[in-house]
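Structure record follows, encoded as structure tokens.
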Amino acid sequence: MNITLRQLRAFVAVAEHQQFTRAAQQIHITQAALSMLVRDLEQEVGLRLFDRHTRMVKLTDAGRELLGMAKRILSEVETTIEHSRDFTTYQRGRVTVASGTVLAAVLLSPFMRLFRDQYPGIKLQLRDMAEQDLQRRLLEDDIDMGVGTRREAHDEIDSTPLFSDTYIAVLPPKHPLGARDSISWKQLCNEPFIALSRSSPLRREIDQHLTRLGLSLKEMHEVSFHTTVLAMVRNGLGVSVLPANSQEVPEAQGLQFRKLSAHRLKRETALFQLRHRSLSPAAQLFKDALLNYVKTAKMPAHTTR
């Protein structure tokens with residue numbers, strides 16, 4: 001069965017006007033074209049829909065039953081089209097973005113508040129997770145985009161640079177190294193070290209940097225999240241190295257943050273999306289707004305003492 005919307009519109013117009021002349025005028029086609037649409041519809045359903053008289057037509061029982069269904073179908077189609085237009089004008093939409101816990105707190109949360117105020121019809125969902133899971137969740141089409149540490153190229157993922165910040169030393173309260181303005185990597189390697197798991201892109205950058213310097217960590221605890229690193233440092237279980245924006249989260253209060261004296265390491269933060277899938281209008285708007293936001297927002301690149 002191949003029933004078209006044009007056939008249904010023609011049928012409804014004739015049913016409402018009970019004649020072909022006015023119905024044809026309403027939908028702006030010739031009377032001959034209208035008659036053909038109705039005849040084609042009757043052939044498709046295999047039923048006579050109208051009893052035809054000299055000047056007027058009346059619905060048959062089958063026609064009356066079809067009329068209600070036809071009106072509902074046309075109404076639903078019109079509603080769907082209107083909703084689609086809402087998406088292109090940003091009155092409706094949904095965006096799902098993921099990031100590590102620190103970026104979720106210091107970058108995405110304040111940005112999302114501003115975005116929501118400007119586009120209240122767009123529903124936002126933020127998923128915080130270990131950074132190493134971002135690419136997998138993108139490839140599984142579970143999120144629209146991810147924000148995290150820029151990493152090696154992937155055939156199916158595009159990355160757009162957002163900003164860069166430096167890595168800093170993180171020390172427990174009253175730790176002796178806190179008396180210094182800056183700390184060397186060698187000094188940190190002589191301390192118990194709280195590290196992110198080996199699958200973390202941050203951890204890989206630190207390991208590669210230490211290898212270039214010919215250094216290795218003396219004693220190490222591995223955890224999955226920045227907040228756990230900060231909690232363990234707070235309790236005197238070791239020192240760590242994290243991106244500078246880690247000092248902006250509440251869990252960092254009371255800890256000591258110091259610059260690394262030489263061979264500084266920078267972290268590049270990027271936005272990730274699937275290469276061969278277009279973003280929805282709402283998601284594209286979110287991306288463009290985020291790119292503009294990071295140009296003006298104060299992103300910490302240095303430590304405070």
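No lab work stands behind these numbers, since they all come straight from the coordinates. In this text, all values refer to a predicted model and were calculated from it rather than measured experimentally.
Some values worked out for this structure:
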item: Contour minus Cα-Cα distance for Asn235 and Lys71 (0.36 nm per residue); result: 52.2 nm
item: Computed [θ] at 222 nm, deg cm²/dmol, the chain (DSSP H ≥ 4; -39,500 (n - 2.57); rounded to nearest 500); result: -12500 deg cm²/dmol
item: Global geometry of region 165-266, whether rounded, prolate or oblate, following the gyration tensor of its Cα atoms and the 1.5 cut on a/c; result: rounded
item: Relative contact order for the chain, counting Cα pairs under 8 Å that sit 6 or more residues apart, in percent; result: 20 percent
item: Chain lengthening between Lys218 and Thr4 when straightened (0.36 nm per residue, less Cα-Cα); result: 69.7 nm
item: Share, in percent, of DSSP beta bridges within region 1-129 that are antiparallel, nearest 5; result: 30 percent
item: Binned Cα-Cα distances of region 34-163, short to long, each 10 Å bin given as a whole percent; result: 10, 25, 18, 12, 12, 14, 8, 1
item: Antiparallel bridge percentage (DSSP; both residues within the chain; nearest 5); result: 55 percent
item: Candidate aspartates and glutamates for bridging to Lys71, where Cα separation is under 12 Å - those fewer than 8 sequence places away on the same chain excluded; result: Glu16
item: Between region 9-82 and region 232-265, the Cα center-to-center distance that results, in Å; result: 73 Å
item: Per residue Cα convex hull volume in Å³ - calculated over region 5-85; result: 87 Å³
item: Nearest 10 degrees, 0 to 90: helix 61-88 Cα axis against the chain principal axis; result: 30 degrees
item: Value of Rg to Rh for the chain (Rh from inverse mean 1/r over Cα pairs, i.e. Kirkwood); result: 1.31
